[in-house]
1. As an exercise: evaluate LYS32 against (1) modelled with pLDDT under 90; (2) more than 15 Å from ALA184 (Cβ to Cβ); (3) within 23 Å of the chain's Cα centre (by Cα); (4) surrounded by fewer than 16 Cβ atoms within 10 Å (Cβ to Cβ) and give the number of the one condition it does not meet.
2. If we scan segment 58-78, do we find a residue that is at pLDDT 90 or above and in contact with a His (Cβ under 8 Å, 6 or more places away or on another chain)?
3. Taking segment 165-195, which residues are more than 30 Å from THR69 (Cα to Cα), in a helix (DSSP H, G or I) and either without any contact (Cβ under 8 Å) to a residue 24 or more places away in the chain or hydroxyl-bearing (Ser, Thr, Tyr) (or both)?
4. ILE118 passes all but one of (1) touching a helix residue (DSSP H, G or I) at 6+ places or on another chain (Cβ under 7 Å); (2) within 24 Å of GLY17 (Cβ to Cβ); which number fails?
5. Select from segment 1-33 the residues that are assigned to a loop (DSSP other than H, G, I, E, B) and of a type in the set (A, V, I, L, M, F, W, C) and write down the one among them that is nearest to PRO71 (Cα to Cα).
6. Which number in (1) at pLDDT 85 or above; (2) surrounded by 14 or more Cβ atoms within 10 Å (Cβ to Cβ); (3) under 15 Å from the mean Cα position of the chain (by Cα) marks the one condition that TYR173 misses?
7. Tell me which of these PRO117 doesn't satisfy, since it passes every other one: (1) over 22 Å from MET78 (Cα atoms); (2) buried (at least 17 other Cβ atoms within 10 Å of the Cβ); (3) over 18 Å from the mean Cα position of the chain (by Cα); (4) not hydroxyl-bearing (Ser, Thr, Tyr).
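The values are calculated or read from the model by the stated rules, or taken from the named source; none is laboratory data. Small disclaimer: the values here were computed from a predicted structure and weren't measured. Note that we place each Cβ from the backbone using ideal geometry, even for glycine, and neighbour counts take in every protein chain shown.
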Amino acid sequence: MIVWLFEYIVVVHIAVGAFGLMAFWVPVIGRKGGVNHRRWGRWFAWAMLANGVLAAAMAACTLIDPLPTHPKLSDPVMIRGIFGWMMLYLGMLTSSLAWHSLTVVRNKADHAADRAPIHVAMQVTTLATALNCLVIGIAIGQPLMVAMPFIGFAAAITNLWFIFKPAPPRMDYLVEHFKAGVGAGISCYTAFLAFGFVRFAPHNALNPIYWSIPCLIGLGIIFWHAGKRNYFERFGWKSAHAARK
């Protein structure tokens, strides 16, 4: 029963994730603030939220029955760690980043609304699942589980820092929106690329090279946009900070 449910969730997870990862490039590459940017950005974010739920369901199946759900692997402790607890953490990270990206735009005129319980809870849950992944990674001696949580710590803490700022500059929400949206893409691409190897090349499933590729591409996107002199200036980000000074 668990294996059948797991395989069904995997199919839906791949379909939803593939759509979201294609949708990701429309707002990243296209004209910012336009109709397509908003429409495809929402579709991407909702796909990431759905995939986070599906990842949590897959992680639960793995924790319950590790060997039958991953027949090409033989170590149940490693399976539960990587494909159970770490997948749960990555699913939560992806969902919380997508939610943050949507929320800060929706509440751009009412920053106090960013402190809604669900928004705060998602960031706190990301911290909790990241800490759990770190502790278990140390306990079982899995370096990847020890390294990956620090991305979640950084993301959740900076999100909470913005959420609880008393009065952020007017256009700071754009930086948060951009950072969180690209971060959700990085997280999902990382999971898809790395976890996909367990089915097609299980001996490379934990290769740090494959885990680092999406992060390097995502950081390149961030630096490229940040380096464009008019990217945030077009939206008044520079003028808002100048006014604050």
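1. (4)
2. For segment 58-78, residues at pLDDT 90 or above and in contact with a His (Cβ under 8 Å, 6 or more places away or on another chain): present.
3. So in segment 165-195, the residues more than 30 Å from THR69 (Cα to Cα) come out as 165-182.
Subsequent filtering for residues that are in a helix (DSSP H, G or I) retains 172-182.
Scanning segment 165-195 gives a single hit, TYR173.
4. Just one mismatch for ILE118, condition (1).
5. At the first step, the residues of segment 1-33 found to be assigned to a loop (DSSP other than H, G, I, E, B) are 1, 24, 30-33.
Keeping just the survivors that are of a type in the set (A, V, I, L, M, F, W, C) gives 1, 24.
Details: MET1: 15, PHE24: 32 Å.
Filtering segment 1-33 for residues that are assigned to a loop (DSSP other than H, G, I, E, B) and of a type in the set (A, V, I, L, M, F, W, C), the one nearest to PRO71 (Cα to Cα) comes out as MET1.
6. (3)
7. (2)
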